[in-house]
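Written out below as structure tokens is the structure these notes cover.
Derivation of every value follows stated rules applied to the coordinates shown; laboratory data play no part. Since we're looking at a predicted model, the values are computed, not measured. Cβ placement follows ideal geometry from the backbone for every residue including glycine, while neighbour counts extend to all protein chains displayed.
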Amino acid sequence: MAKTAAKAGSQKDISRFRWTLKEMNRNKVGYVMIAPFMLVFLLFTVAPVVVSMVISFTDFNLLQTPNFVFFDNYIRLFLDDDIFLIAVKNTFVFAAIVGPASYIMSFMVAWFINELEPKIRAVVTLIFYAPSISGQVYLIWGTLFSGDSYGWVNATLINLGLINEEIQFFENAKYVMPLCIVVALWTSLGTSFLSFIAGLQGVDRSLYEAGAVDGVRNRWQELWYITLPTMKPQLMFGAIMSITGSFGFGGVVDALCGNPSVDYCAWTIMHHLNDYGGARFEVGYSSAIAVVLFAIMMGANALVKKLISKVGS
Amino acid sequence: MARLRTRKHKVVLNRSVGGDAGITLLLVLLGAFMFLPMLYVVMQSLKPLDELWMFPPRFYVVNPTFRNFKDLFVLMNTSWVPFSRYIFNTVFITVLGTLGNLFFGSLAAYAFSKVMFPGRKWMFKAVRSSLMFHKTVTAVTNFIIMSALHMVDTYWALIIPAWGHTLGLYLMKQFMESNVTDAVLESARLDGASEFRTFWVIAMPMVKPAWLTLIIYSFQDLWNAGSSIYIHSEQLKSFNYAIGQITAGGIKRAGASAASQVIMMAVPILVFVITQSNIIETMGSSGMKD
């Protein structure tokens, strides 16, 4: 129907145009019903994206009248801002590890527990899901890996004779990234995990029985030829949730390693964005950062969509 | 012919013992990775002072005590803004934000799935694409828009954007599509019920699991909201923020800090325990078909 509206201008489609108008009039209550939600959505989700794109071509700083500077912000970003390039690298490393790892872990765990008794399954689900909804409870990793001898990990390693003095986990560039990745993974079994559990429960059992008769030999073949293709819609939804999550855990890094992290070793595009937009008020420049980040997220989603369409073929 | 065996009256197919054992082992290892840090928070919160500062640190607690929780409440009473104010702020924002999201989100979800107005497909696609980017991307620009609307440093800066949260609407719409049959709605319409009445009296009672799911998501978001760039008055800040301030007082407050984390995590976990089956039911229709 959207297409009819777009084509409406041409002469030969005039009857379809009329039909669309008639439909619009007949269903006008639909527009009333979506209006409150769409108004909020336009104001606080769509408008910020559009405004960012426009501002990214200016030198806006909240105080002076903005001037158009065309691509200057983008040129500065990629050619003149070394820290941004570190941020891009870190963001890609984070997202490329945490996104797929959390996605695969969510699916594997959901698949493992699928055949458990419902009551046991509910308990196991809670254990795996709890860290993702418990707010700032990830701070406990700071206590576990604390740099003094009260840190449980350090004390245990010393006890075992593996190290002689405490490791400053959060001040040593060698450990910061891996630790942040582990903590991010720990909090990442969220919506996609629940979606997978539901999707697996929804696969029709008769498909498995038919598969067994048709020569499916083991659970891996069953997974690839029956389960995954049946669950494609959930896989798609889960992928989107995992990708979005994998770009959004700058807070974990700040809380554990401080801001900025030592030598910018865990500095992500999100940090760079907040630094220029929130602290330095270089809104034009930070908007360019936001647009780049937005493009990366959309690109990642498009890529994954392509990959998932190949499942089971 | 493939081997079939039964387990508890269900036909279970093609399961090797080695595979079962391997999967169980992996599950136990991953489960330990997930569960032990959570357990450690609870242990820390129950440790008396001498156990908190013993060397080498011990994972489990020997003489559990509620002292840390008492300390936390004492610390709360020393805050500059009365602690009840922070609690009120969080409750107020969470309740209004969640109710608005539930009502406006369900209304829109109903229209998107059951009212055939032209343009609904691309509009819904636009709503759906917002799931693909993280909201911190738009935080700075949002600040500019909110200052233009004079919403900065008011409760509304947190409440109104919550009304437009898209994940709840998305799940609600998918659930309505697969659980509310058109035939039921059609008969209500033939009886002369208005579209709003059909929505409220017929459709809404049929999608209770989705309500709960939407409420939980909105609740989690607002409950866990800490400091926000939109709020700078101390009197308007959240419970989560205030508790963070108390426990930021360094290592001498390790016990109270653990106690506060236990309180902060207990609420969402309890809510999830109660609503789990409804949420999973809603997720059954969460799939994205194109």
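Please list, ordered by chain and number, the residues whose modelled amide H lies under 5 Å from the amide H of B:HIS134; skip anything fewer than 5 residues away on the same chain.
When sequence neighbours closer than 5 places are left aside, there are no close amide H contacts.
Under unit Cβ charges (Lys, Arg +1; Asp, Glu -1), what dipole magnitude, rounded to 20 debye, does chain B have relative to its Cα centre?
760
Which distance in Å, rounded to a whole number, links the C-alpha centroids of region B:68-93 and region A:106-148?
29
Restricting to Cα pairs below 8 Å that are 6+ residues apart, what does the relative contact order work out to for chain B? Please round to a whole percent.
26
Going through region A:132-215, which GluC sites (Glu not before Pro) have at most 15 other Cβ atoms within 10 Å and a DSSP loop state?
Loop-located and lightly packed - A:GLU165.
For B:LYS125, go through the aspartates and glutamates and keep the ones whose alpha-carbon is under 14 Å away, minus same-chain ones fewer than eight residues off.
Result set, ordered by chain and number: B:ASP290.
Taking each residue of A:229-237 in turn, how many C-beta atoms of other protein chains fall within 10 Å of its C-beta, and what is the average?
Taking all residues of A:229-237 together, the mean is 4.
With the contact rule set at Cα under 8 Å and sequence spacing of 6 or more, what percent relative contact order holds for chain A?
Computed over chain A, the figure is 27 percent.
Mind checking the dipole of region A:11-165: about its Cα centre, +1 per Lys or Arg Cβ, -1 per Asp or Glu Cβ, Debye to the nearest 20?
With only Lys, Arg, Asp and Glu charged at Cβ, the dipole is about 1240 debye.
Rg to Rh for the protein assembly as shown: what is it, with Cα atoms only and Rh by Kirkwood?
Ratio of gyration radius to Kirkwood radius: 0.98.
Hey, got a sec? Which chymotrypsin sites (Phe, Trp or Tyr not before Pro) in region A:33-111 land in a DSSP loop and have at most 10 other Cβ atoms within 10 Å?
Within region A:33-111, the qualifying chymotrypsin sites (Phe, Trp or Tyr not before Pro) (loop, at most 10 other Cβ atoms within 10 Å) are A:PHE70.
Taking amide H positions as placed 1.01 Å from N in the peptide plane, with prolines and chain starts having none, which residues 5 or more places from A:THR58, or on another chain, fall under 5 Å of its amide H?
A:VAL69
Got a sec to turn the phi values of region A:292-297 into Karplus ³J(HN,Hα) couplings, 6.51 cos²θ - 1.76 cosθ + 1.60 with θ = phi - 60°, whole Hz, x for Gly and Pro?
4, 4, 4, 5, 4, 5
May I ask you to evaluate 6.51 cos²θ - 1.76 cosθ + 1.60, the Karplus curve with θ = phi - 60°, for each residue of region A:233-238 and list the ³J(HN,Hα) values in order in whole Hz, giving x for glycine and proline?
Working through the residues one at a time gives x, 5, 4, 5, 4, x Hz.
If you build a Gaussian network model of chain A, linking Cα atoms that sit under 10 Å apart, which residue out of A:THR187, A:THR91, A:THR125 swings the most?
Of A:THR187, A:THR91, A:THR125, the most mobile in the Gaussian network model is A:THR125.
In chain A, if the dipole is taken from +1 on Lys/Arg beta carbons and -1 on Asp/Glu beta carbons about the Cα centre, which of A:VAL262, A:ALA155, A:GLY135 is farthest to the positive end?
Highest projection toward the positive end goes to A:GLY135.
Would you be so kind as to identify which of B:ALA32, A:GLY99, A:GLY215 lies farthest towards the positive end of the dipole of the protein assembly as shown, taking Lys and Arg as +1 and Asp and Glu as -1 on Cβ and the Cα centre as origin?
The listed residue farthest towards the positive side: A:GLY215.
Please list 3J(HN,Hα) in residue order for region B:72-82, calculated via the Karplus relation 6.51 cos²θ - 1.76 cosθ + 1.60 where θ = phi - 60°; whole Hz, with x for glycine and proline.
4, 5, 4, 4, 4, 6, 8, 6, 5, 8, x
Using only the Cα atoms of region B:40-86, build the gyration tensor, take square roots of its eigenvalues as a ≥ b ≥ c, and label the shape rounded, prolate or oblate: rounded if a/c is under 1.5, else prolate if a/b is larger than b/c, else oblate.
prolate
Rounded, prolate or oblate: which one fits region B:156-214, using the alpha carbon gyration tensor with axes a ≥ b ≥ c (rounded when a/c is under 1.5, else prolate when a/b beats b/c, else oblate)?
Here region B:156-214 falls in the prolate category.
Farthest toward the dipole's positive end in region B:77-283, which of B:THR138, B:MET265, B:PRO205, given Cβ charges of +1 (Lys, Arg) and -1 (Asp, Glu) about the Cα centre?
Looking along the dipole axis, the top candidate is B:THR138.
Assign unit charges at the C-beta atoms only (+1 for Lys and Arg, -1 for Asp and Glu), then state the dipole size of region A:75-308 relative to its Cα centre in Debye, rounded to the nearest 20.
So the magnitude is around 740 debye.
Taking a ≥ b ≥ c as the square roots of the eigenvalues of the Cα gyration tensor of chain B, is the shape rounded (a/c under 1.5), prolate (a/b larger than b/c) or oblate?
oblate
What are the trypsin sites (Lys or Arg not before Pro) within region B:136-237 that DSSP puts in a loop, where the Cβ has at most 10 other Cβ atoms within 10 Å?
none
Just from its helices, what would the mean residue ellipticity at 222 nm be for chain A, if runs of 4 or more DSSP H residues each count -39500 (n - 2.57) and the sum is divided by every residue, rounded to the nearest 500 deg cm²/dmol?
Taken over chain A, the calculation gives -20500 deg cm²/dmol.
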